[in-house]
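See below for the structure under consideration.
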Amino acid sequence: SRKISMVLDWISCLLGGTCTARQASTEDHRENKRGPVIVPLYHTKGAPNEGVYKARLEIGGKDFDLIVDTCSPDVIVVGEQCGSTCQHTVGEYPKAANTYTGEQDTIAYVSQTNTIAWAKDNMRFKTLTAVRADPGTLGGTEQVTEPEYHPLKFGTIISNESHSVQGGTLPGRSILGLMANQGDGPGLGILDGKDEKSFINQIFGKNGVFHANQYSFAIEPNGDAGELILGGLHKGIQGWVDIVPASEYPTLAYTPEWVIRVKKCLVVSHNGKILADIPIKLCRFDTGNTWLSMPAKVFEDHGHLGEIPEISGLQFTLDNGVHLWFPSAFFSGSVAMANATGFGGLAKDLSLDPDMCIFGNEIMKGMIVGCDLEKGQIGFGGMCVDINNKDHMACKVYHKPELDA
């Protein structure tokens, strides 16, 4: 029968055989799709100069801790051959594996430049809970103790060159990229069936494994931990804004980044008085960044904000009436404090355009952030998010978000 044939094809794929030997019908394609997976995140709090969130994946039977990065496309993992220039704390891919494809590339990140060798192996998410949905639905009640394995193409770091970032350097680290370059297709072309390397296009889209082409983060108020839902969303997303298209900001055609428009960035006092209007028009939402980063001129003019006693916080106004409120405690720390604790405040970034900022993971505390890959949108929710300026100077009581079924 068709279902038996599907099972045999999948077993062959897991054993290293051909994964695309048979063209699935529309019905088969839906049956192969699954519901959301909940992946726990932990923050590298206290690790000098690091300050990022990591998730754990099993690749080729080995566990890897990877930086969750919304501004890069690929999965890259530390290879055994990288040596002391890489971080080998959790996971190194064996040099002698027979899964390498023979392809090599050089990939540059802010903190590291890597020579990688591409490989193909089976992976699965290391989860607290996995939820399998019935065909055609997002939520479901069938609990799965272990998520399935999926074929994955990924890069293995064979050599690393570390860069100085805010006065510190780190060894080469494994990275889980959660964005892809824009193109001409749905969702600003982020979903591209011809893209065989980006993580997004391997697990989402027509060739992916999830019913819903969405994912979201929820971070605890103290920032120590959180969770990532793949193939679904957390409850509590209050408003959505469009990701800026490459036609409006051309570098997005070849740099996979979440960039959104900023209508206003205001410095607000405790009595509600506007102390300053900061000239920011765009912002990059980057979970691979620790700080609330500002371009050089803005930082020179406003980098002292954390030292002003009367300041209450920063209010960012986005499209569709979405307001993000960042209390002054979120950016009162120095770069030195950030490097020591993993959390910090305002930082100067010389690479930024004059009107762009970066929302790093410092401002994610108590926040929910979702991404709809089909619509090309980012949604915000949580304790410091407001719609239509109903409560622009306060964070609400935190409630742990649930899966939006």
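The values are calculated or read from the model by the stated rules, or taken from the named source; none is laboratory data. Computed from a prediction, not measured in an experiment: that's the story for all the values here. All Cβ positions, glycine included, derive from the backbone under ideal geometry; neighbour counts span all protein chains shown. Keep in mind that these areas ignore ligands, DNA and RNA; they rest on the heavy atoms of the full protein, side chains included. Shrake-Rupley method; radii C 1.70, N 1.55, O 1.52, S 1.80 Å.
Worth pointing out:
- Just one of the numbered conditions (1) open to solvent by 10 Å² or more (accessible area, probe 1.4 Å); (2) at negative phi; (3) modelled with pLDDT of 90 or more is not true of GLY60: (2).
- Positions within segment 84-122 being open to solvent by less than 30 Å² (accessible area, probe 1.4 Å), part of a strand (DSSP E or B) and within 18 Å of VAL52 (Cβ to Cβ), in sequence order: CYS86, ILE107, GLN112, ASN114
- The set of residues from segment 123-139 being surrounded by fewer than 19 Cβ atoms within 10 Å (Cβ to Cβ) and modelled with pLDDT under 85 comprises LYS126, LEU128, THR129, ARG132, ASP134, PRO135, GLY136, THR137, GLY139.
- From the list LEU152, LEU176, LEU170, the one residue that fits, being in contact (Cβ under 8 Å) with a residue 12 or more places away in the chain and buried (at least 22 other Cβ atoms within 10 Å of the Cβ), is LEU176.
- Scanning segment 224-234 for residues that are out of contact with any Gly (no Cβ under 8 Å at 6 or more places or on another chain) and part of a loop (DSSP other than H, G, I, E, B) yields one hit, ASP224.
- For GLN81, the criteria (1) in contact with a strand residue (DSSP E or B) (Cβ under 6 Å, 6 or more places away or on another chain); (2) open to solvent by 40 Å² or more (accessible area, probe 1.4 Å); (3) part of a loop (DSSP other than H, G, I, E, B); (4) not charged (D, E, K, R) hold in every case but one, which is (3).
- Taken as a whole, the structure places GLY193 among residues that are modelled with pLDDT under 85, open to solvent by 30 Å² or more (accessible area, probe 1.4 Å) and more than 20 Å from TYR53 (Cα to Cα).
- Segment 365-378: number of residues that are crowded, with 23+ Cβ neighbours inside 10 Å and not in a loop (DSSP other than H, G, I, E, B): 5
- Any chance VAL268 is under 27 Å from VAL75 (Cβ atoms) and in contact with a strand residue (DSSP E or B) (Cβ under 6 Å, 6 or more places away or on another chain): no
- Of all the numbered requirements in (1) farther than 30 Å from GLU402 by Cα; (2) open to solvent by less than 20 Å² (accessible area, probe 1.4 Å), GLY239 misses one, and that requirement is (1).
- Residue, most open to solvent (accessible area, probe 1.4 Å), within segment 155-167, restricted to residues that are touching a strand residue (DSSP E or B) at 6+ places or on another chain (Cβ under 7 Å) and over 29 Å from ASP372 (Cα atoms): GLU161
- Residues in segment 282-311 that are modelled with pLDDT of 80 or more, more than 24 Å from the chain's Cα centre (by Cα) and outside any strand (DSSP E or B): ALA296, LYS297, VAL298, PHE299, GLU300, ASP301, HIS302, GLU310.
Conditions tested, residue by residue: (1) among the hydrophobic types (A, V, I, L, M, F, W, C); (2) open to solvent by 30 Å² or more (accessible area, probe 1.4 Å); (3) assigned to a loop (DSSP other than H, G, I, E, B).
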{"site": "GLY208", "(1), (2), (3)": "no, no, yes"}
{"site": "ALA212", "(1), (2), (3)": "yes, no, yes"}
{"site": "VAL244", "(1), (2), (3)": "yes, no, yes"}
{"site": "PRO256", "(1), (2), (3)": "no, no, yes"}
{"site": "CYS265", "(1), (2), (3)": "yes, no, no"}
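For every residue, the table says whether it meets (1) at pLDDT below 90; (2) farther than 22 Å from GLY232 by Cβ.
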site: GLY35; (1), (2): yes, no
site: VAL39; (1), (2): no, no
site: VAL52; (1), (2): yes, yes
site: PRO73; (1), (2): no, no
site: GLU80; (1), (2): no, yes
site: GLU92; (1), (2): no, yes
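- Only one of the numbered conditions (1) modelled with pLDDT of 75 or more; (2) surrounded by 23 or more Cβ atoms within 10 Å (Cβ to Cβ); (3) outside any strand (DSSP E or B) is not met by LEU314, and that is (3).
- Taking segment 354-400 as the range and being modelled with pLDDT under 85 and over 30 Å from LYS273 (Cβ atoms) as the test, the residues that pass are HIS399, LYS400.
- Some residue of segment 216-223 being assigned to a helix (DSSP H, G or I) and more than 24 Å from TYR149 (Cβ to Cβ): no
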